[in-house]
Amino acid sequence: METLKIAKNELENVAEAWNAARSKIDRRVVICAGTGCIANGSLKVFDALKKTAEGQNLSIAIELDKHDAAHKNLLVTKSGCQGFCQVGPLLTIEPDGICYTHVKVEDVAEIVEKTLKGGEVVDRLLYKDPVSGSHKKGKGEITFYAKQDRKVLAACGVIDPEDLREYISRDGYKAARKAFFDMTPTQVCEEMKASGLRGRGGAGFPTGRKWELCLKQTEAVKYIICNGDEGDPGAFMDRSVLEGNPHSVIEGMMIGAKATGATVGYVYVRAEYPLAVKRIRKAVEEAREAGFLGKNAMGSDIDFDILVMEGAGAFVCGEASAMVSSIMGSRGMPRPKPPRTAEKGLWDKPTVVNNVETLAQVPTIILEGAAQYRKLGTEKSPGTKTYALTGHVANTGLIEVPFGTTLRHIVFDIGGGILDKEGKPNNDAFKAVQIGGPSGGCLTREHLDIPMDFDSLASVGAMVGSGGLVVMNDSTCIVQMARFFMQFTQHESCGKCVPCREGTKQLLSMLDDIIAGNGTLETLDLMEELCENVIDSSLCGLGASAPNPVLSMLRQFRSEWEAHVVNKVCPTGQCAALTPITIDPKACIGCGMCAKKCPVGAITGEKKSAHSIDAAKCIKCGACVETCKFHAIKRGA
């Protein structure tokens, strides 16, 4: 692509040129090149499609060239994550409105021959609705997409994330131009305050107030940081925005710089996101070459540039002061507050830290106005929120809905309902949803109609967090799930403060005792008390929220915990030490192999006769279960 140098009044010209070049294309084929689809081979599909189309005498373009006046049959491009990762690799064709799923290299020849040349639809590659069994031609017919309201993700999965001109063609950088030339810093802060935008990284602090606090600081040097250190297990919202629409984040940072007086910005991305790092770096380079970044950015009197830094993957570095420490080259550890980072951050200078998703919403607010933004969401939680929907649900992937949307709508409409332990649709198997990752809480059936917003969730002991949603069916052991999150936070504790370092270790030890059958009612009481102490006395948000899943699950499913410690039984059969092993006399042929493998001699029986297990002797090691070739031995009654 040619190097662009774009003056503030040339945005419309760039957009017009791109759209003119696009009008010479018959069809556009977009192949998902987000991390998930790439892992499943989408780049091979991309290469095969180019080669096959050229071999069929179809004229194709991989990149729009405004100097090329020739008509083209196809524009073949990559996109960021299209959201429905479960059915990837995804391939969409416009203007036909076709979305093909699970596309493999072997499917390319048929797609070219039947669809791109013949205009036919390949039914077997369409999404098949698990309930009706019917095929859905495009995203508008697929419930997973149709039930969402995608704003932040509107361009992700649609545009080429490595083409600055296409971003500009969708009103890109107009908001930055408006902020730079038509608004004062105070006006930008007031507009953000009026919008009610709250931080999407977890705490939900009002963005406008944060920027205003930094603006009030008198130092000449200030910084703005984009927090891309997404560390929650299963969360990939920020990664997908950085991969699919990186310029929206850069534009949001530019507007933040205008509002606060920042002269340098950092995009802090965890090193485990190599594709996100690559694309945001390329986007920064494009923006710099275009004159949007650097000295006299966009032709204004503002000097602002952005640097991209990779984090080592420490969960605690998602906390603002720990991130600041990491950027400065020290170990990522939090510090006591006050002062807050907006007062003293990088090198003791005022520093604003905003989450990726937060910054990606800023251009729309400035361009369309706070009143328009407030049309979605609730009074105290305006706008939309992205979630990573995973677990025992029919449709998993990246979704976006307005704040105030119910959990029922997300799980049963967008998610397509619950899958039971056999993998079959069964909404009666719903048990719970963990929201907010290792810092969040547990929602049960009684919470299905609660509005999903900051305040409503806080009222029931949960939190929006970064946006992870883990759906659980009735085969999930709640104690095991609590241990999973506690093991994560204990491992990620930086160790600076005793309550977090030692408290999480002791909580994990208690959970291990319960799973091993050594827990008592006193263990539960002590665990609940320790959770409260860790929350009240930890130095930073990681420690203060680490006990949340344990505490929430303990209170929501007390009877299941008591079954573990009183009856010494795991109701779901997931805890080996608490799940009896039985022999089905109808299936047992009396071969004796299980008795030979039993290390404690708990299995007896005559040859060619059904054997039995002495429950008092059995140590539940499972050796017999693994040995039996006739599946006569199983865990559970």
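The numbers here are math on the coordinates, done by the rules we state, and not lab data. Keep in mind that this is a model prediction, so the values were computed, not measured. Cβ sites come from the backbone with ideal geometry, for glycine too, and all protein chains shown count toward neighbours.
So for each of 389-399, 595-605 I average, over its residues, the number of other beta carbons within 10 Å; can you give me the resulting order with the highest mean first? Before the final figure, lay out each step's value.
On the way: 389-399: 24.1, 595-605: 15.4.
Taking the mean over residues of other Cβ atoms within 10 Å, the ranking is 389-399, 595-605.
Starting from the stretch 543-637, pick out the GluC sites (Glu not before Pro) whose DSSP state is loop and whose Cβ has at most 11 other Cβ atoms within 10 Å.
Working: sites: Glu560, Glu562, Glu606, Glu626; in loops: Glu606.
For GluC sites (Glu not before Pro) across the stretch 543-637 that sit outside H, G, I, E and B with at most 11 neighbouring Cβ atoms in 10 Å, the list reads Glu606.
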Review point. From the cross-link list Lys216/Lys258; Lys114/Lys424; Lys136/Lys375; Lys174/Lys258; Lys24/Lys50, which pairs have alpha carbons spaced over 24 Å apart?
Key: Lys114/Lys424; Lys136/Lys375
**Study point:** Percent of beta bridges antiparallel (DSSP, the chain, rounded to nearest 5)
**Key:** 55
Revision key, fill the gap. The exposure ranking of His491, His135, fewest beta-carbon neighbours within 10 Å first, is His491, His135
Review point. Sorted by average packing, counted as other Cβ atoms within 10 angstrom per residue and highest first, what order do 123-131, 188-196, 434-442 take?
Key: 434-442, 188-196, 123-131
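Considering all alpha-carbon pairs of the stretch 42-112, what whole percent are spaced by more than 15 angstrom? It would help to have the intermediate numbers written out before the result.
Details: 1423 of 2485 pairs.
So the portion of pairs separated by more than 15 Å is 57 percent.
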Study note, to complete from the structure: Per the Cα gyration tensor, the stretch 384-476 corresponds to an equivalent ellipsoid with semi-axes, largest first in Å, of 20, 13, 12
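Please report Phe84, Phe557 as a ranked list, fewest other C-beta atoms within 10 angstrom at the top and most at the bottom.
Numbers: Phe84 24, Phe557 21.
Ordered by Cβ neighbours within 10 Å, fewest first: Phe557, Phe84.
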Revision key, fill the gap. Amide H contacts under 5 Å for Gly404, restricted to residues at least 5 apart in sequence or on another chain and with H modeled in the peptide plane, are Met452, Asp453
Review point. What net charge do the residues around Ser439 carry, taking every other residue with its C-beta under 13 Å from that of Ser439, with Lys and Arg at +1 and Asp and Glu at -1?
Key: -4
Check your understanding: In degrees from 0 to 90, rounded to the nearest 10, what is the angle of the helix 498-515 Cα long axis to the longest principal axis of the chain?
Key -> 40
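Order of 230-242, 301-313 by packing, highest average Cβ count within 10 Å first? Please report the intermediate quantities before stating the final value.
On the way: 230-242: 24.9, 301-313: 16.9.
The most tightly packed comes first, giving 230-242, 301-313.
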Practice item. Provide the per-residue ³J(HN,Hα) series for the stretch 340-357, in order, calculated from phi with Karplus coefficients 6.51, -1.76, 1.60 and θ = phi - 60°, each as a whole number of Hz, with x at glycine and proline positions. Key: 7, 4, 5, 9, 9, x, 4, 6, 6, 9, x, 9, 9, 10, 10, 6, 3, 5
Exercise for review: Only bridges with both residues in the stretch 1-141 count here: give the DSSP antiparallel percent, nearest 5.
Suggested key: 55
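Using C-alpha positions alone, give me the convex hull volume of the stretch 494-637 per residue in cubic angstrom.
Details: hull volume 17.7 nm³, N = 144.
It is 123 Å³ per residue.
Normalised by the residues of the chain, what does the relative contact order come to in percent, with Cα pairs under 8 Å and at least six apart? Before the final figure, lay out each step's value.
Details: 1352 pairs, mean separation 69.3, N = 637.
So the answer I get is 11 percent.
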Point to revise | C-alpha center-to-center spacing [the stretch 426-478, the stretch 566-598] in angstrom | key: 33
Study note, to complete from the structure: Note on the stretch 580-635: contact order normalised by length, alpha-carbon pairs under 8 Å, 6 or more apart, percent, works out to 47
Study note, to complete from the structure: Rounded to the nearest 10, the angle in degrees between the Cα long axis of helix 42-55 and the longest principal axis of the Cα atoms of the chain comes to 50
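What do you get when you divide the Cα radius of gyration of the stretch 479-565 by 2.2 N^0.38 Å, with N the number of residues?
My calculation over the Cα atoms of the stretch 479-565 gives 0.99.
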Study note, to complete from the structure: Calc'd 3J(HN,Hα), the stretch 361-374, phi into Karplus 6.51 cos²θ - 1.76 cosθ + 1.60 (θ = phi - 60°), Hz, glycine/Pro = x, comes to 7, 4, x, 5, 5, 5, 6, 9, x, 5, 4, 5, 4, 6
Point to revise | Geometric extent, Cα atoms of the stretch 1-127 - Rg, Dmax (angstrom) | key: 15.6, 48
Practice item. Give me the compactness ratio for the stretch 80-161, meaning the Cα radius of gyration over 2.2 N^0.38 Å. Key: 1.09
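Around Trp211, what is the net charge, scoring Lys/Arg as +1 and Asp/Glu as -1 over all other residues with Cβ under 14 Å from its Cβ?
+4
For the stretch 185-373, what class follows from the C-alpha gyration tensor (a ≥ b ≥ c being the square roots of its eigenvalues): rounded when a/c is under 1.5, otherwise prolate if a/b is larger than b/c, else oblate?
Working: a/c = 1.26, a/b = 1.12, b/c = 1.13.
It comes out rounded by the Cα gyration axes.
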Review point. Reachable aspartates and glutamates from Lys380, Cα under 12 Å, same-chain residues fewer than 8 places away excluded?
Key: Asp453, Asp455
Study note, to complete from the structure: Taking a label point 7 Å from the Cα of Arg558 along Cα-to-Cβ, the residues of the stretch 433-456 whose backbone nitrogen sits under 12 Å from it are none
Review point. Whole-Hz Karplus ³J(HN,Hα) for the stretch 237-251, in order, using 6.51 cos²θ - 1.76 cosθ + 1.60 and θ = phi - 60°, x for Gly and Pro?
Key: 5, 5, 4, 5, 5, 5, 6, x, 8, x, 5, 5, 6, 4, 5
